[in-house]
Ligand code: 13P
C-alpha cells in the first residue's frame, strides 16, 4: 500500500490469555507472520504474560506492548506498574487512555496526559486512544469530543514526542460490538484528528504521526479501512485473540 507512514497493527488482548495460552498464540503468530516485514506488528498481552511473551518474540519482528501503566515512576501505589518495570521486558509500546479504562477506571484526559509524559521519559511509545460514544456521535458531537481528548491528552508533548506517539481512533460504539465504522467515517475522523495535530504542533509532525483505527476490525473489513489515506494501521481487540484472524487482518492490508 502506497503510504509514507509505516502501518502499525497492534493486538490488544485485554484481560485474556494465561501465560500458556499467550505463548501458544505468539507461537502461531510467529509462523503466520514470519515473512511480513513492511509493517510494525505489536502484541499487548496482560501484564502477567509480558515476561514470557517477551522471550518468545525475541527471534521475530513482533514487538511488545503493554495495556496501561502508572503515571508515577515508583512508590506507594499499590497494584500499579511503572514504565521502568515494563522496560525490563523490552516493552516498546503502551496503550494509554483506552475507552474501557476511561469508563471503568474513570481515567481522565489530564491523567492520560501525565501517563503519556511518563511513557516518553522511559522511551516507551504510547498508543493513545480517543473516540466518541454513540450518544455523542448521534448528537453531532464527534469532532468536539475528539478535540477535547486530543487537546487534553497531547498538548503537553514536544514535537519529537508527538511524532513518537500513535493515536488510536476507537469509536466507543464500534468496540466489541461487531459494528465497524465505515471506511468513510473512519477517514473523516482520522483526517480531523490529523488536522488537530497540525493546529497543536505543525504540518510535518501531523504528516508523520500514525493514526490507527480500532473497533471491530476483522479480516473482511481491514483492507478497505487501511486503504483510506489517513488510516495508518489498526488496534485490534477480539480478532487479535486468534493468530489466524490477526495475521489475516495484517496480510489483507498490505
Ligand atoms: P474490538 O476489536 O474487539 O472491537 O476491540 C477494539 C479495541 O478496543 C482495541 O483496543
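The values are calculated or read from the model by the stated rules, or taken from the named source; none is laboratory data. Computed from a predicted model, the values in this text were never measured in an experiment. Cβ: placed from backbone, ideal geometry, glycine included. Neighbour counts: every protein chain shown.
Assorted remarks:
- Within region 8-38, the set of residues being part of a loop (DSSP other than H, G, I, E, B) and within 16 Å of the ligand (Cβ to nearest atom) comprises 13, 14, 15, 16, 17.
- Here 40, 28 are screened, and the one residue that is at pLDDT 95 or above, in contact with a helix residue (DSSP H, G or I) (Cβ under 6 Å, 6 or more places away or on another chain) and surrounded by 14 or more Cβ atoms within 10 Å (Cβ to Cβ) is 28.
- Selection status of residue 94, in contact (Cβ under 8 Å) with a residue 60 or more places away in the chain and touching a helix residue (DSSP H, G or I) at 6+ places or on another chain (Cβ under 8 Å): no
- Looking across 112, 62, one residue alone is closer than 19 Å to residue 14 by Cβ and either exposed (fewer than 14 other Cβ atoms within 10 Å of the Cβ) or within 16 Å of the ligand (Cβ to nearest atom) (or both). It is 112.
- Any hit, region 79-93, residues being modelled with pLDDT of 95 or more, in contact with a strand residue (DSSP E or B) (Cβ under 9 Å, 6 or more places away or on another chain), closer than 25 Å to residue 211 by Cβ and part of a loop (DSSP other than H, G, I, E, B): yes
- Enumeration of residues in region 207-245 that are within 10 Å of the ligand (Cβ to nearest atom), surrounded by fewer than 24 Cβ atoms within 10 Å (Cβ to Cβ) and assigned to a loop (DSSP other than H, G, I, E, B): 216, 218, 237, 241
- Inside region 139-184, residues that are part of a loop (DSSP other than H, G, I, E, B), under 16 Å from residue 211 (Cβ atoms) and at pLDDT 95 or above make up a count of 5.
- Meets criteria (under 18 Å from the mean Cα position of the chain (by Cα), surrounded by fewer than 17 Cβ atoms within 10 Å (Cβ to Cβ) and closer than 23 Å to residue 146 by Cα) for residue 194: no
- Selection status of residue 4, in contact with a helix residue (DSSP H, G or I) (Cβ under 8 Å, 6 or more places away or on another chain), under 27 Å from residue 222 (Cα atoms) and loosely packed, with under 14 Cβ neighbours inside 10 Å: yes
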